[in-house]
Each structure stands twice: as C-alpha cells, then as structure tokens.
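The values are calculated or read from the model by the stated rules, or taken from the named source; none is laboratory data. Quick caveat, the model's predicted, so the values are computed rather than measured. Cβ placement follows ideal geometry from the backbone for every residue including glycine, while neighbour counts extend to all protein chains displayed. Surface accessibility is based on the protein's heavy atoms, side chains included, excluding ligands, DNA and RNA. Shrake-Rupley method; radii C 1.70, N 1.55, O 1.52, S 1.80 Å.
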Amino acid sequence: ADLLTDEEIEYVKNFRPGLVQFEIGVQTANSETLKAIHRNPDLTVLKQKVAKIRKQRNIHQHLDLIVGLPWEDLKRFKQSFNDVYSMEPEQFQLGFLKVLKGSYMHEKVPDYDLQYRGKAPYEVLSTKWLPYSDVLRLKGVEDMVEVYYNSLQYRNTIRAAQQLFTRPIELYEALADYYGQEGLNGKSWSRLQRLEILRRFLHAVDERTET
C-alpha cells in the first residue's frame, strides 16, 4: 500500500463499493523482522495510504500479519497486531508462516530453529523466538479475530468492548482464554449463540473490573 500513488487512490475513488478489494500484506510492523525477510515498506506512509483509502468508503481492505517470522517474539507480535488493528481494515488476517521447500525460510531453518509440520501446509510450530505455547495462544487469537472481527457481525459491540482493555490484542486474548475455560472450542455456534457468549464474557470482565 505504501507504493500506491495519490493519483491511483483518486482513480479508484468512484468505483462502486465491492468492485475492488486491496490485499495488503503487511506481515509485520517490526523493523528488525522486515529487514530479515528482505522487505522495506515505509510503515508510516502505508498507514497514511490505508487511512485515505478507508476514508473513501468504497474499497474493501484486507491486511495481514504472519506469525513465526524471525526476530518476532510474542511481545513484538502483539505490537504488530495493535499497529495493524489500528488501521481498521475490513478484514484482518493472522496467517502462520509456511516453511516451503526451496524458500528463503526453509534455508534458514537451522539458524532460526524453525519447527514446522512435516506435511502440507508445512505450517510453523515454533521458532527461536516463539515457543509452541505462544503459537497455540496466537491460534486462539486468530479464531477470535475471525469470529468477532472478520465476520463483520459484531463490530459495534467489539468496538465498545475494546474500551475495557488497554490494547486491542488483549481483548482477543481474553476472549480466547474464556472460550478455553468454558469449554466452548471445537463446537459449531450460531451467530446469536456467539453473541450470547460475547455477552457473558463481557459481563465476566465487567465483574472483575468492579472488584
């Protein structure tokens, strides 16, 4: 997105809503990680361009992050999450590194202590910086983002719920923990059931806040 010119953004301004979707692979907001994976986007400019496109209200923006990149532990990934979340994309995808044969990451397996699944899609299990327990934790966050953010069905409630937490990712971590504690994972829930679960979760958070 940082490569888009103002002229190009102006050009798509009058497109009908839904005609165009921008897929913006942010991957990380950590400068050290970007250097390691040979990417050099200007994140400040990227944020400005994403905001300008969002303001036009006719282009669907899909931004992503990748879990398991070099030099990114849980703390740094959370910073990337909060940075990209603040850009308010219509879709926010948390992807997990695929260690494909012949790729640069496959070459760096010993250096980065990459552990990954032996069968397709060869998804990362742990890295030198990110233990398996943290990967599992982020899997839970991914599930909650998919259900409560990317579905576009609970936006107003989620926006209000964010006020109960210091940073956005804390909301999704707490939701993932709640699903685990209540034995709610691995089941098929309707939209209304998901909303009821969210209501109960927020009630529990509110009670803890008051005490």
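Would you work out the relative contact order for the chain, in percent, from Cα pairs under 8 angstrom that are 6 or more residues apart? Intermediate results must be reported in sequence, preceding the final value.
Numbers: 234 pairs, mean separation 33.7, N = 211.
Worked out over the chain, it gives 16 percent.
Which lysines does Lys55 reach when only Cα atoms under 27 Å apart count, and residues fewer than 8 places away in its own chain are ignored? By straight Cα distance, Lys55 reaches Lys13, Lys47, Lys78.
In the set (1) 61, 41, 28; (2) 57, 56, 31; (3) 49, 47, 31, the label that goes with Cα extents along the principal axes in Å computed for this structure is (3).
Taking the helices alone, the chain has a mean residue ellipticity at 222 nm of -14000 deg cm²/dmol, built from -39,500 (n - 2.57) per DSSP H run of at least 4 residues and averaged over all its residues. Taken one residue at a time, the phi angles of region 117-130 give Karplus couplings (6.51, -1.76, 1.60, θ = phi - 60°) of 5, x, 10, 3, x, 6, 7, 4, 10, 6, 9, 4, 10, 10 Hz. Gly and Pro are set to x. Between Phe96 and Val67, the built amide H atoms are under 5 Å apart, and every one of these is 5 or more places off in sequence or on another chain. The charge dipole of region 68-149, taken about the Cα centre with unit charges on the Cβ atoms of Lys, Arg (+1) and Asp, Glu (-1), comes to about 360 debye, rounded to the nearest 20. Computed with every protein chain present, the accessible area of Ser31 is close to 90 Å² [probe 1.4 Å]. Asp73: accessible area at probe 1.4 Å, nearest 10 Å²? Roughly 60 Å² of Asp73 is accessible to a 1.4 Å probe.
Counting every C-alpha pair in region 79-163, the share spaced more than 15 angstrom apart comes to 66%. When Rg and the Kirkwood radius Rh are both evaluated on Cα atoms of region 2-111, their ratio Rg/Rh stands at 1.02. Between the residues Gly95, Trp129, Tyr148, the greatest Cα displacement towards the positive end of the dipole of the chain, with unit charges on the Cβ of Lys, Arg, Asp and Glu, is found for Tyr148.
Annotation: amide H of Gln27 within the under-5 Å range of Asp64, Leu65, Ile66, sequence separation 5 or more or interchain, hydrogens built in the peptide plane.
So how strong a dipole does the chain carry about its Cα centre when Lys and Arg Cβ are +1 and Asp and Glu Cβ are -1, to the nearest 20 debye?
380
Comparing Glu32, Glu23, Glu182 in a Gaussian network model of the chain, where Cα atoms under 10 Å apart are tied by springs, the biggest mean-square fluctuation is seen for Glu182. Springs between Cα atoms under 10 Å define the GNM used for the chain, and in it the highest mean-square fluctuation of Lys128, Lys119, Lys98 occurs at Lys119.
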